[in-house]
1. In this structure, is B:Q238 touching a Gly at 6+ places or on another chain (Cβ under 8 Å), surrounded by 22 or more Cβ atoms within 10 Å (Cβ to Cβ), more than 12 Å from chain A (Cβ to nearest Cβ) and farther than 30 Å from A:T258 by Cβ?
2. Quick check on my filter: what residues within the range B:278-298 are crowded, with 16+ Cβ neighbours inside 10 Å, touching a strand residue (DSSP E or B) at 6+ places or on another chain (Cβ under 8 Å) and farther than 25 Å from A:H219 by Cβ?
3. Taking A:S218 as meeting all but one of (1) away from ligand 2 (no atom under 16 Å from the Cβ); (2) among the polar types (S, T, N, Q); (3) within 12 Å of another protein chain (Cβ to nearest Cβ); (4) free of Cβ contacts under 8 Å to residues at least 40 places away in the same chain, write down the number of the exception.
4. Kindly establish whether A:P301 is crowded, with 17+ Cβ neighbours inside 10 Å and more than 19 Å from the chain's Cα centre (by Cα).
5. Assuming B:G43 fulfils every condition listed in (1) touching a helix residue (DSSP H, G or I) at 6+ places or on another chain (Cβ under 6 Å); (2) of a type outside the set (D, E, K, R); (3) more than 11 Å from ligand 6 (Cβ to nearest atom); (4) away from every other protein chain (no Cβ under 14 Å) apart from one, which condition is it?
6. What are the residues in the range B:259-277 that are crowded, with 18+ Cβ neighbours inside 10 Å and either more than 7 Å from chain A (Cβ to nearest Cβ) or within 16 Å of ligand 2 (Cβ to nearest atom) (or both), if any?
7. Looking only at residues that are outside any helix (DSSP H, G or I) and exposed (fewer than 12 other Cβ atoms within 10 Å of the Cβ) in the range A:319-342, which one is modelled with the highest pLDDT?
8. Taking interchain pairs and intrachain pairs at least six residues apart, which have beta carbon atoms under 8 angstrom, with the first residue in the range B:267-292 and in contact (Cβ under 8 Å) with a residue 60 or more places away in the chain and the second within 16 Å of ligand 4 (Cβ to nearest atom) and among the aromatic types (F, W, Y)?
Amino acid sequence: MFDTSGAKKLVEVRDLTMHFPIRTGLLRRLTGSVKAVDGVSFDIYEGETLGLVGESGCGKSSCGRAILRLYDPTAGSIRLEGEEIAHAPFDKLRRLRPKMQMVFQDPQASLNPRMTVAGIIGEPLMEHTKLNAAKRLERIYELMDAVGLNREFANRYPHEFSGGQRQRIGIARALALNPKFIVCDEPIAALDVSIQAQVVNLLEELQDRLGLTYLFISHDLSMVRHIADRVAVMYLGRVVELAPRDALFADPMHPYTTALLSAVPEPDPASHDDAERIILQGDVPSPANPPKGCNFCTRCPRVMEICRQIDPVIREIAPGRHVACHLYAEDTHKTAAHAAQPTEV
Amino acid sequence: MPDGATPFVLDVKDLKTVFRTRGGEVHAVNNVSFTLKPGELLGVVGESGSGKSVTMMSLIRLLPMPPAEIRGGSVMFEGQDLARIPEEMMRAIRGARIGMVFQDPMTSLNPVFTVGYQIMEPLRTHMGLSKAQATTRAAELLDLAGIPDARRRLADYPHQFSGGMRQRVMIAIALACDPKVLIADEPTTALDVTIQAQILELIKELRQKLGMAIVWITHDLGVIAGIADRVMVMYGGQVVEQAPVRELFANPQHPYTRMLLETVPHIRGERAAKLRVIQGQPPILSRAPDSCPFRARCPQAFDRCAHENPARFDVGPAHDAACFWDFKTGAKRDV
Ligand SMILES: Nc1ncnc2c1ncn2[C@@H]1O[C@H](COP(=O)(O)OP(=O)(O)OP(=O)(O)O)[C@@H](O)[C@H]1O
Ligand SMILES: Nc1ncnc2c1ncn2[C@@H]1O[C@H](COP(=O)(O)OP(=O)(O)O)[C@@H](O)[C@H]1O
Ligand code: SF4
Ligand code: SF4
Ligand SMILES: [Mg+2]
Ligand SMILES: [Mg+2]
């Protein structure tokens, strides 16, 4: 498995916050905010795949988009190869854009229906390179080969392709400028099981060949176990646990991670007989109004008194294992003191 | 109601459904046959477009006709052939004797009526309950579906419920008239895993309490493994394999099923270095098939598969597979 010791940090995210304003009434007055990402920190090492998992609405996409500066983050720091980009101006972003790309969930919606495949894949080349038409076409063909699309399809339109093929077009486009870092936001969620494996294998192959680094966003925990080197688990705008893949799946530490993993049904009837499933009660609270204290306290099977008062900070409690939970506080006072500092208004 | 001599609550034979579109015909369902025993849960798996939904919508005649056209087959339910009875008789069965739950509760619930009204509606039209009786029963049903504070929530509108709770409301509506058969089409696909776990738990509980037979459509092999008694695998508008759940997972006999089981990663146990891939694309269903629909993607394919569409061969107790290759002998079938 991927070894982080000695590996270079490609992306460093610190206290990233992405709040969306809520406006109501005729005057569109600001009446609150959706705390989609609420103080998230992690590193992504060069050449690794960091899996980002969690339930719908927990802030995965917002986090990925903020990191790529497709959104303007509310606060926090994002470094790409050491360069601060969280609040970088447009021209600096434009210079860095080729290095970081995104593959979207819905290949149908993310491809311009009026452009040919060659046009779609070639667009970033037009924008960011000075290649002439012939060289550009050569590069387009090269990219089509790389993702397993027949060159003969270059002049067809997206609607003429299947979901899996459309996702390949999206991947080819993301690769056009030789990026280092790709955020894959649910790249297989819209695909059939038999097609998912094709796309995942392609992503893995390209990573090996081109030395790519991925942030792989998914709610499919089995697939994340397959593809990720390390995994971050999000709940209600926070990373609650971050750990190397094998450790996380074999021995989840945060009560939410434990419940989440136990909820995944295995494709094996015998495994269902003895499964001690933890069924979480209720729903995820609204990110516009997260609970006081630990944001999981309304559903946590192991909730304690302190959890309703004090927000646990995420700490490294064993090498490489980061957990935000009072169950693991070695010194509650210290943790309490830390968490009691005003973090937001 | 007399059930005839059949041990099945539902007995579907050679169902054939075609869509006539401007681009030509789509042979969505080709000679699909299956049965359902009382209290049994039949899981239906297959990739998108394999005909799962159209099969079930055909048998309760909930398809837009045209473009859909049922070209053949019979659907025996409580002594009648649903393919042949008049629409008004069908209306009395649909949503009453046969309940339905769909993938997206938001599109099946009407946003302008209260949840209470929508549960009471079938109670009043199908069962003839008074308003007071219907209210009481509706609260009971919501409670049964696991919605806290049920009586009060009858007055709420669908948007006031979360996705998981809306699916519970749909289940309450489907159960309102005490159906003999419940058809659930991807009911947990749009839900998060922790909410899916809640709904699966609810269904297991309700089966014990109410004993209805269920057809559960999903593309999630994990869900199937957890709740089905028997599984039917569909591919290209056909049933390609059918077996009791344990048998199917332990001993798959159709190349598609075998590959499908290897292509999904697991959350526990050994981690495969590389995922098995099923190359190629599902078939285009523009004609009635005269060859095996899986042929283009099948590593086992041989000449016969190109000329003949395999029938469903018995391959074990209560187990059949539509394939000319016999994995048990490792040779071509000689029938
Ligand atoms: N542009 C926006 N304006 C306002 N609220 C937003 C916006 N984008 C996201 N949100 C809200 O922020 C929260 C997190 O959303 P996000 O899309 O990041 O979730 P996610 O984890 O990617 O979910 P999913 O698994 O459904 O894709 C949600 O409550 C969402 O409704
Ligand atoms: N209204 C329609 N018009 C034309 N074709 C349709 C229509 N509905 C479904 N089909 C086609 O019927 C086939 C089976 O679809 P469906 O039963 O919905 O698949 P599944 O539920 O297994 O995903 C597909 O090829 C689909 O495109
Ligand atoms: S801090 Fe408390 S409520 Fe939060 S996860 Fe840990 S035990 Fe549960
Ligand atoms: S009949 Fe032939 S092509 Fe079809 S699944 Fe069997 S071996 Fe493969
Ligand atoms: Mg998302
Ligand atoms: Mg369907």
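1. When the stated conditions are applied, B:Q238 passes them.
2. Result: B:L285, B:P289, B:P293, B:F294.
3. (4)
4. Answer is no for this residue.
5. (4)
6. B:M259, B:L260
7. Ranking the candidates gives A:P319 first.
8. B:P282/B:Y235
The values are calculated or read from the model by the stated rules, or taken from the named source; none is laboratory data. A quick note: this is a predicted structure, and the numbers were derived from the prediction, not measured. Neighbour counts are summed over all protein chains in view; Cβ atoms, including those assigned to glycine, are modelled from backbone coordinates with ideal geometry.
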